[in-house]
1. With an 8 Å cut-off on Cα pairs and a minimum separation of 6 or more residues, tell me the relative contact order of chain B in percent.
2. For the pair A:GLU444 and A:ILE12, what calculated FRET efficiency results from E = 1/(1 + (r/R0)^6), where r is the Cβ-Cβ distance and R0 = 30 Å, to the nearest 0.05?
3. Which of the residue pairs C:LYS230/C:LYS317; A:LYS221/A:LYS253; C:LYS162/C:LYS366; C:LYS44/C:LYS281; B:LYS110/C:LYS383 have a Cα-Cα distance greater than 28 Å in the structure shown?
4. Quantify how strongly other chains surround peptide B:104-116 by giving the mean number of their Cβ atoms within 10 Å of each of its Cβ atoms.
5. Multiplying the sequence separation of B:ILE356 and B:SER326 by 0.36 nm and subtracting their Cα-Cα distance, what value in nm do you get?
6. May I ask you to order B:121-132, C:43-54, A:472-483 by the average number of other C-beta atoms within 10 Å around their residues, highest value first?
7. What distance in nm lies between label points placed 7 Å from Cα along the C-beta direction at A:GLN209 and C:GLU181?
8. A:ILE429: net charge of surrounding residues, Cβ under 15 Å, Lys/Arg +1, Asp/Glu -1, itself excluded?
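Rule-based calculations on the coordinates, nothing more; no lab input. Treat the numbers as computed from the prediction; the structure is a model and nothing was measured. Glycine gets a Cβ as well: all are built from the backbone with ideal geometry, and neighbour counts include every protein chain shown.
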Amino acid sequence: MNLLFAVKNIIIYKEPKNNQRFELLEDEKEDMEISKPAETPEATDSNCNSDEKDSAGSPPKQFKKLIRGLIKTGEPKDRSKVTTDVKSDQNKDDVNHICKELKNNMQKVKQEFHVPTNQDIVIREFKIMQKINAFIVYVDGMVDKNTINDYILRQLMAEQKNNKNTKISVDYITDNLLAINQVIRQTDYEEIIKQILNGLTALFVEGNQECVLIESRGYEKRSVSTPLDESVIKGPQEAFTENLRTNLTLVRKIIKNKDLVTEMMPIGKAENTTCAIMHIKGITNPKIVQEVKRRISSIDIDFIAGDGGLDQLIEDHPFSLFPQILSTERPDKTASFLIDGKVAIICDGSPYASIAPITFFRFFHTSEDTTLRWQFGTFLRLIRMVAAFLATFLPGLFIALTLYHQEMIPTELLFSLSKARENIPIPTILELLVMELFFELMREAGVRLPGAIGQTLGIIGAIILGSAAVAAGIVSPILIMVVSITGLCSFAIPNYSIAFGVRIMRFIFIFFGAIAGFYGIAAGIIIFGGLACSMKSFGVPYFSPVAPKTKANHDIGIMAPPWTLKERPDFLNTNNRKRTSGTVRGWIQQANRGNGK
Amino acid sequence: MIKEGKFGAQEAVCLITVTITSKVFFSSPAIIAGLIGNTGWYTTLISAAVALVGFCFIYLLLKRFPGKDIVEIFDIALGRVVGFIFSGILGIYMLFISVTRVNELSEFLKVYVIPLSPNWLIIGIFIACIFTLSLLGLESIARLSKLLIYALLAGFLVVLLLGIQNYNINNLFPIFGYGLDKIAFQGIVRSSVYGEVIILAIFAKSFQGVKFIKKEGITGILLSAAIISVSVLSYSLTFPYYVVQEITAPMYAMSTLIDYGRFVQRVEPLFLYVWIIGSFISATLVFYSFIWIFCKTFRIQDKKPIIIGSCTILYATALMHKDIISIILGYVVLIRNFGSLPLFVLPLIALIAALIRKKGGNLNA
Amino acid sequence: MRKVIIILILGTFLLSLTACYDAHEMDDMLYVVSIGVDKGISDKWRLTIQFPTMKEGGGQTQSGSGGGGQSQSGSGGDEQSGHSYASIDAPSFFTGIDMLNASLPRKLNFSHAQIIVFSEELAKEGLIGEYIAPLSRFREIRRSAHVFVVKGNAIDFIKENKPVIGTTISKSFQVLAHTSENIGYFPNITLENFYEALKSPCGQAIAAMASVNDSKSFAENGEPWGTKFKTGGDYFAGQLPRTGQNKIEVWGTALFNGDKMVGELNGDETRFLLMIRGEFKQGSFTMQDPQKPELIIPLDVRVSKKPQIDIDIKDKKPVIRLKVQLDADLLAVQSMINYEQPELQSLLEETFKKSVEEGITMLIKKCQGLNTDVFHFGDYAAKNFLTIDAFESYDWNRHFKEAEVIVDVNFAIRRTGTQIKSYPIKDPIGVN
């Protein structure tokens, strides 16, 4: 059915949809944020609370069609399969609002949370100051019991000699009684329920139409550990964990800048996951931030699996083999991207930060390049580029060379290859595909096995099974070399997603090479190069700063000495271009001034 | 009306350079060696000078009508009917150039590299690439050429440098070839080699302004003149004039002669990639300019169905030729000898017409 | 949109998967290493090819018999060294290949052909032009293959072409260029050089001379030589008095006029030829000791600068000024006379310089007698003409024999090895 549809789509002429692509163009520098009416308002509140606690921005509940601007050809089928009811709270004010009577509130809460069937929710009734009825609601396991015991219940239950009222207002409680660092007052049931599920405790007091949400989160979480797949030798060894607050803290420890802004946004219509968007106000182009928020807020799906799912939903080109959003689990890398003018999206429950917009060359940089001296950084980058090149092209080139262009091989090498191939029953391309498949299977199997066994299996399997295959006369030894070098080089690529892209491209180039030799590979380079060049990642062309040429940022292939990087990358159109006000190394100027009279 | 992306000066220069210089890899060097001997390396400089003059006229025309591209200028300056005819001629000529490019590359590959593959396969792969790139738009082509030009230039220079062992300065003498008159004539006539600079005029809306077009055009012509001159010089140094007339592709033959010791030999794969990729980009660009002119002339908004149809036309036309000689001595000679007419003379006529009819341009041209 | 593109592209390629036209497995091909061309008896060409058999060292030896006869194809050779040869009489090169495929199972691939061998008979009859035509147009044969003219039959030469060291025959000819540079007794001529020179209006072609040496010149018994002076380079190919396992040798030059072989040079003359052409790099010369003529002094001679050639045309007669610059290291002084002193050193230099000048002048006269300008002086003469038409109408090759040649050799001994003084050896005591 789908195939028929696709074929029909090809043959029948359709009017092109007027799809607005998001383009990051250079225009007048704007220092103030652009206020767009229909979007989420920038939460620049002027209260003395830190502006990270912005959780209360309500997602736009509009009845217009979902904005399909981020999808080029309208295929939103999978995104809107699950539509949740969009309740706008303007109409249902009375149902959502808290009543004054405690009983009604309790009943509502029990109903919403399916108590007593749902045993995760605890409702604790007590009397405030031994007189006024109240109850708290919390999710067992997500709260810190000490907070509840010592700082809520004890404080509230304590007898206040001088206050003899029978009624009490929430103001009084929050001002005088609760020794908690963060409290919010809320009237809207939806919000309350959401926050309870986040781990806050809701306090309902008799006679009040407001409830107090008390910060009491204390669930089990992994402690900060070393990064799993981005380890470096010389550099910080902290990595993100699954807890959002911890992750944000880790970034904040590195960038102690008052302009570092975290905006929290819920994802999806059911609003189960929160994500934080970090950017530095004054540096990041506000259009990028806006675009990110626009895309995230318009996602309509019930569940998103961490930030990998989020990446795919907000990417410009989901069908491309190259990722347009970079995932990193290191806070120092995130910090350097933020300083450049990029936006970091961290999802709750995922130990990765997604960075947007990103260009192709950034996938090959690691934080080790910056912490080492620049010569070594250059060396490492060159090795990585060679590795990426070999990992993509080596099998394809080998096939093209041995099948079509035997005259290009040096004579002795050709003869020894031929001799080795004399007894092999299967054609070269089949040999190569079998070995590649074998290698991929071993990689996948090695991932499942625990720890040391996995690595050992990889090595032993490769060596023994490979040698056994050669001895049995199924493959020739040169092929084992080719496949293992390719595999080794693909491990040298720093970023996991692009390494995957490279792995798949390898097969494509094997195919092209087997069809038409070097001509096929050149055609493949053109086609995939063209497809990659047409990509834009959040408005920034994918191959900046090489194509198109923007102001020289020497940081692509080689690592420039750090004192020469005086400006931020030009293609991000940041507000504040210069990173320094003059010379970076002031001591040189001082020395010169000292010398020259 | 049809939106087309914007791109900058360096990309335009790369586009022009790659398009113009990929001509030198094929058989036309052999043909001109028959006409002017071993003096090609400075004859081409004469052609570049003539092309610069022609480009000046194009630039003046564009300056007179700022912000418009050449199809619209033809319309305004010459009236609907004549403008239509001129644009049509230019468009058909662009299609002819791309057919020739496709054929040259496929014949060359069949002779030297993959002799047993059928024509339709080689041309089919080529057309598939052109199709993909045309669908992606001019911006992508420009960015791709900018990205790849570093590798192309590097490979090219390496082969030129490695060939030094075969250079013999005496091959350049006698210095005036078959006579100065022939040199001058061929130099002027073959300015069509640099004629693709008119692409800057066709896509004038995608650049940032007429001043940029002037800079990009002049830089492009000069850069490609340098590269073509150096390549012609290198194979003139390697082969004397009586041998080079016989060879199907002199530059490829030059690269097969490289032989240092036991290992550094057989380096033509390097050159092969430079060729093929250069031809791909240039044929795509010329084809895309045909599509563009076509759409602009007939005021068609959507390019996709035109691209599909034109690719089919290109494929059919490319398979039409009988043999390689009809390409080398037929199509290519035709383009070289008469190419300057649509490329330089038509805009000149338009400029004169615009001056006479006092159209456009309140800037004192 | 991307789906459409991908589907279309994959569709195109799927169609082509029906057969990969040019894909040949490496073991589907037979790689020819040497090509030999003779005049055939049963047909126009006698084509001989030599190829490696891809066997791992030890294999069974087959005795291949190849006697004379009608259209024969014999294959044999030493399979223990991993190569073999085949020969066939055929009307043309390509037909011969097809006919050979009747007995050799794999497709012949010439892209690794290292040497092309013509027989002297073929060359002397002026037939090389015809026989070289298919070789130059064929895309597989690379123009960097070496060209030899062989005394006797090419088929004998190829039969005897066995690797003495190692098992691959391809290695031996790949270092040929370096050998020529190091000793200078034969020129390094590739197919490209040969072909260009055949068509050139500026000079004539040469090829390296090769032969099978059947050790006849190596006298096992006989009178020892005595003290007569011989330079060691004045043999022709095939006449070197040597023996050993390897039977073939490359020595000397074949001179061509047009495409007809008109003469041959011995080793010494080849060295002078290479000096004039600018291709001589290094070699050891033996000269007579000027003070003790029965002893010799060997010198390691190098070219310090490329030769300077100036040509003037004075009413149709060319005047050639040739300047050759040579350097040398002193290798041995048999007489232990202290030639390292400046006065005696200049004596040595003068003697050697004269002998070189004589040699060059005699060589040029010989070539003028044969009416062939193998030195390519015409290249330099072209500077005197402005257009190709003028040059071709002058026709340099015809005027070469009237040329007047002025030879000037600059020679200096630079270093004397690890000894700076020769102290005489004591005469044996007690003996008259």
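1. Rounded, it is 42 percent for chain B.
2. Once rounded, the FRET efficiency stands at 0.15.
3. C:LYS230/C:LYS317; C:LYS162/C:LYS366; C:LYS44/C:LYS281; B:LYS110/C:LYS383
4. The mean count of partner-chain Cβ atoms within 10 Å per residue comes to 3.
5. Full extension of this stretch gives 6.6 nm more.
6. B:121-132, C:43-54, A:472-483
7. For A:GLN209 paired with C:GLU181, the spin-label model returns 9.9 nm.
8. Neighbourhood net charge equals -4.
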